Amino acid sequence: MKHDDFFLDVAHRIGRRIVAQALWDGDVCTWQVMRPDKAHPELQRALPERARGGFYQGTAGIAVFLGELYRVTGEAGVGRAADGALRHALAEAAQLPPSRCGFHNSRVGIAYAAARIAACLNQPDYLERAEEILRPLRGHEQRDRGLDVIGGAAGAIPVLLQLAEVLDPALPLELAVGLGNHLLRVAHREPGGWSWDTMSPAAVRHGLGLAHGAAGIGHALLELYHATGSNHYLYAAEQAFLYERQFFVKEKVNWPDFRYHELGQYYYAGRLDELREVVTDGLFPAYELHFMRAWCHGAPGIGLTRLRAYELLGEAVYKAEAEAAVQATLQSLDLQGWNYSLCHGYGGNCDTLLDAADILKIPGLRARAEACGRQGWEAFEKIGRPWMCGTVGGAADPSLMLGEAGIGYFYLRLYSSETPSILLLRTAEGIGRGVVAWCSHQTLQKGYVDTYFGRTLQVFRILCPARTPIIMDRAFLPPQHESDVSAAYEALCEASEAPGESLRSLLEDAFRPERIRYEMALALTDFSEETLAELVRSPVDDVAWTDVVMELAPHTRVVRSRWDWDAWIELEEQDRPSRPEQKPVFWLLYRAGNKIHERPLSLFAALVLQHLEASASLEQVVLAVAAALEDGDEADRRQLRAMVVEQLKNAYRMGLLRCWAERLVEMPASP
């Protein structure tokens, strides 16, 4: 395409200023960046700090911009500063823990910078350094806790796949596959798709978006599929995008931001005692649904992932979502007084328009991004005004994702599409082919559905072998891009009503625990409830059990089956009677770790907890259990009371009880 030297000139001006601000120590340089004042968060100000070596706001990111600028201009001072910035990052890389795998804050981002500088400055020795940096990560893939693009596996995977094209591919491919498998293991298989816990405890549910949410993780898994051909990763990517799809708000043309900012401010500042007091007094503000339109959160970043999905898979659903995201991105450019950063500013949002112009074949989108770039020149560079950056208060900053290095990178992207995007990394098809075993789509569907209805499906296969294929067809061939679990639920509801009365009673009984668990999982929409309830719950030893009124916490149920299905299923076919033993079995369904769990209950525990489905005192529970056990002896009653109290203590420790009394303040409901 034709290059517009105007945009190169702007990038060059920014680059020269960054070079002039470098702080040198021999052949190593760093910069002063602006970081939030964590000691006084209420002041909402940024303070100067020496840049570390990372990619997001450190010297690795600055090196990449300066390296790309040198590749185009050949200016010696720019190249020297790019080299000095990388040397600073490399020196820090050896000190970073191998359990941190993110692109923006770990060894992976620095290795990426080394490979880019090796190409831009024609210094192939830096490729060896990139591999040295990555080597300690081997074997630590399952220790990644960041998970998302900024801090974990989702950011690292596309980088590693790119590095596999320029390094010996064995190590980066091994790491990428290990991290991808880790993402599969820790995925929360919700009824409407898969999500990942990247923002607890400061979110009402698992996040959406590119930087910290399902979009970024879905994109990483999609790139891993593109590189390896393994359906495991394609299916997981589709489930991540499915999870986000259910939350799209048509009126806003956007996806919501589930961060609970008020809660996060307390946690990140370590003000838990103050938070506990505010919640106990009922003064903590309720979460309000809000939206962002940026690369990090909202439509622009999500749009980048859907453009790539459409580019690779060619499916209409991704094109439609990309088009909606582009519409929201265009609207965001009309905002006044916004910053030009890549993370959450005009620069990052215009990257979506540049990709969309090429993939959707709409040249006018590039023209709109170019117009935004010209507006930035007029408002800042032309008149010598410091660029509005993505830092607190918009303070001037030289870094890549928040500051002027990223703004300069944006202008290089406007100058030439030969400057690759750093906001959504693409990988080569088939570079990891054969590294991971292939698996059929239906097998993957079955594994997902079995997490909710495995026991019920086994019962149906045994009792209704003629109808099972019909159920399977309905459960595993849902309309494209809808939930397999929801389709299975509908199929099982329909199938359990179809046979004769005797068989129907059996099927409904077998289905009941998993049906209720599924319905409870659907109702679980605010993960912060558990965090706040745990925060204000008194220690178990402080509870005066004779003085309190109790009931089961929300998202806790006791469910009874009339037949022992598990024991019946485990029998060998030749030893299995036509019907299971009629024996009451009790199940506890409860919320823990943002999931609905299922566990068997003893008869005694079930009797205690059943009588707390409505509020009751200790004496009321003891009388009810005694009546059920036909135990009227006073001496035995004292022993029974002690056993009930012990059961209540266990339930309380697990967060299954809510209590009220003058001496115990307990939050009865979420704020």
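The values are calculated or read from the model by the stated rules, or taken from the named source; none is laboratory data. Please read all numbers here as calculations on a predicted model, not as lab measurements. In this analysis, Cβ positions are derived from the backbone assuming ideal geometry, glycine residues included, and neighbour counts consider all displayed protein chains. Please note that ligands, DNA and RNA were not included when accessible areas were found on the heavy atoms of the full protein model with its side chains. Shrake-Rupley method; radii C 1.70, N 1.55, O 1.52, S 1.80 Å.
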Look through 494, 508 and report the one residue that is at pLDDT 80 or above, closer than 20 Å to residue 560 by Cβ, more than 25 Å from the chain's Cα centre (by Cα) and not β-branched (Val, Ile, Thr).
508
The residue that is least open to solvent (accessible area, probe 1.4 Å), considering only those in segment 16-48 that are under 36 Å from the mean Cα position of the chain (by Cα) and among the charged types (D, E, K, R), is 37
Given the condition touching a helix residue (DSSP H, G or I) at 6+ places or on another chain (Cβ under 9 Å) and of a type in the set (Ser, Thr, Tyr), answer yes or no: does some residue in segment 616-634 qualify?
no
Qualifying positions in segment 172-187 - open to solvent by less than 20 Å² (accessible area, probe 1.4 Å) and either modelled with pLDDT under 95 or more than 12 Å from residue 436 (Cβ to Cβ) (or both):
172, 175, 179, 182, 183, 187
Going by what's in this entry, would residue 345 be described as buried (at least 22 other Cβ atoms within 10 Å of the Cβ) and touching a residue at least 12 places away in the same chain (Cβ under 8 Å)?
yes
Determine whether segment 258-266 contains at least one residue that is open to solvent by less than 50 Å² (accessible area, probe 1.4 Å), closer than 17 Å to residue 533 by Cα and part of a loop (DSSP other than H, G, I, E, B).
yes
Which of the residues belonging to segment 49-71 are buried (at least 20 other Cβ atoms within 10 Å of the Cβ) and either among the aliphatic types (A, V, I, L, M) or in contact with a strand residue (DSSP E or B) (Cβ under 6 Å, 6 or more places away or on another chain) (or both)?
51, 57, 59, 60, 62, 63, 64, 66, 69
For segment 308-342, enumerate the residues that are assigned to a loop (DSSP other than H, G, I, E, B) and either free of Cβ contacts under 8 Å to residues at least 24 places away in the same chain or over 22 Å from the mean Cα position of the chain (by Cα) (or both).
314, 315, 333, 334, 335, 336, 337, 338, 339, 340, 341
Near pairs, Cβ below 6 angstrom, 6+ apart or cross-chain, from segment 431-448 (in contact (Cβ under 8 Å) with a residue 40 or more places away in the chain) to any residue that is among the hydroxyl-bearing types (Ser, Thr, Tyr) and open to solvent by less than 30 Å² (accessible area, probe 1.4 Å):
432/228; 435/228; 436/228; 436/230; 444/235
Criterion first (open to solvent by 10 Å² or more (accessible area, probe 1.4 Å), under 28 Å from residue 19 (Cα atoms), at pLDDT 95 or above and among the hydrophobic types (A, V, I, L, M, F, W, C)) does residue 402 satisfy it?
yes
Helices (runs of 4 or more DSSP H) wholly inside segment 101-164 containing at least 2 residues that are open to solvent by 20 Å² or more (accessible area, probe 1.4 Å) and either in contact with a Phe, Trp or Tyr (Cβ under 7 Å, 6 or more places away or on another chain) or farther than 19 Å from residue 420 by Cβ (or both)
125-134
Being assigned to a loop (DSSP other than H, G, I, E, B) and in contact with a Cys (Cβ under 7 Å, 6 or more places away or on another chain) is the filter; apply it to segment 400-457 and report the residue that is farthest from residue 239 (Cα to Cα).
403
Of all residues in segment 507-517 being of a type outside the set (Lys, Arg) and touching a Ser or Thr at 6+ places or on another chain (Cβ under 9 Å), which is surrounded by the fewest Cβ atoms within 10 Å (Cβ to Cβ)?
508
Per the filter on segment 205-251, residues more than 10 Å from the chain's Cα centre (by Cα), buried (at least 23 other Cβ atoms within 10 Å of the Cβ) and hydrophobic (A, V, I, L, M, F, W, C) are 220, 221, 222, 224, 227, 236, 237, 241
